[in-house]
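Taking it in order: structure first as structure tokens, then the write-up.
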Amino acid sequence: MGEFRVVFDGNELQVSPWDGFDGEVSFDTSSLRGEALRELVLNTRRSIVGALNGEEVDTNKPLRYNVGVTDDGAIAFYISDSSLAESSASKTPLPELIQPEAAGIVPGESLVPQKSLTQVTVVFKPNGVVEVSPWAGYR
């Protein structure tokens with residue numbers, strides 16, 4: 001069992017480990033497979049890299065996030081996997097990209113996504129590379 005901090009800020013939902021994350025969390029409910037999954041992962045990476053506008057995330061350690069993406073490609077929320085990733089989230093484009101309403105999450109009403117989500121792992125590396133991969137692997 002883990003403790004998480006949940007913050008609503010306008011239309012933004014942030015979920016993060018209370019004191020770093022030391023286990024695995026799964027919210028992957030999507031049935032996307034094969035080429036559709038590859039395309040979703042590729043488009044998610046394109047969205048994140050595009051939002052960086054040619055800049056790099058300033059970090060000396062990898063920043064890892066578990067991200068919920070709708071089948072339509074909207075980033076519904078992210079979970080930081082460490083306190084460093086949580087404190088560095090504002091350096092990434094993730095806060096500006098999340099759209100909880102795209103998954104049926106309504107701040108103040110429902111935390112439970114109403115649409116299926118694909119869980120992807122996003123890593124911002126110190127060398128400027130952004131890695132995006134499906135949490136459950138390609139299926």
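Details
- Test: residue in segment 102-116 that is touching a residue at least 40 places away in the same chain (Cβ under 8 Å), closer than 22 Å to Glu86 by Cβ and part of a strand (DSSP E or B): no
- Selection from segment 47-61 of residues that are under 18 Å from the mean Cα position of the chain (by Cα) and among the small types (Gly, Ala, Ser): Ser47, Gly50, Ala51
- Candidates Val69, Val49: the one that is hydrophobic (A, V, I, L, M, F, W, C), out of contact with any Pro (no Cβ under 9 Å at 6 or more places or on another chain) and not in a loop (DSSP other than H, G, I, E, B) is Val69.
- Taking each residue of segment 43-65 that is within 22 Å of Val15 (Cα to Cα) and looking for partners that are in a loop (DSSP other than H, G, I, E, B) with beta-carbon atoms closer than 6 Å, six or more apart or interchain, yields Ile48/Pro93; Ala51/Pro93; Leu52/Pro93; Val57/Thr92; Thr59/Pro126; Pro62/Lys125; Arg64/Asp81.
- Complete set of residues in segment 117-138 that are among the polar types (S, T, N, Q) and in a loop (DSSP other than H, G, I, E, B): Asn127
- Matching residues, segment 88-122, being touching an Asp or Glu at 6+ places or on another chain (Cβ under 8 Å) and among the hydroxyl-bearing types (Ser, Thr, Tyr): Ser116, Thr118, Thr121
- Subset of segment 99-122 that is in contact with a Leu (Cβ under 7 Å, 6 or more places away or on another chain) and of a type in the set (A, V, I, L, M) - its residue that is surrounded by the most Cβ atoms within 10 Å (Cβ to Cβ): Ala103
- For segment 54-64, a residue qualifies if it is part of a loop (DSSP other than H, G, I, E, B) and either modelled with pLDDT under 95 or not polar (S, T, N, Q) (or both), and the qualifying residues are Gly54, Glu55, Glu56, Val57, Asp58, Lys61, Pro62.
- Segment 72-91: number of residues that are in a loop (DSSP other than H, G, I, E, B) and either over 11 Å from the mean Cα position of the chain (by Cα) or farther than 16 Å from Glu131 by Cβ (or both): 4
- Any chance Glu96 is surrounded by fewer than 16 Cβ atoms within 10 Å (Cβ to Cβ) and not small (Gly, Ala, Ser): yes
- The residue that is nearest to Thr92 (Cα to Cα), counting only those in segment 65-80 that are of a type in the set (Val, Ile, Thr) and surrounded by fewer than 22 Cβ atoms within 10 Å (Cβ to Cβ), is Ile79.
- Test: Leu32 is part of a helix (DSSP H, G or I) and either modelled with pLDDT of 95 or more or at negative phi (or both): no
The values are calculated or read from the model by the stated rules, or taken from the named source; none is laboratory data. Remember, it's a predicted structure, so these values are computed and weren't measured experimentally. Cβ atoms come from the backbone with ideal geometry, glycine included; neighbour counts cover every protein chain shown.
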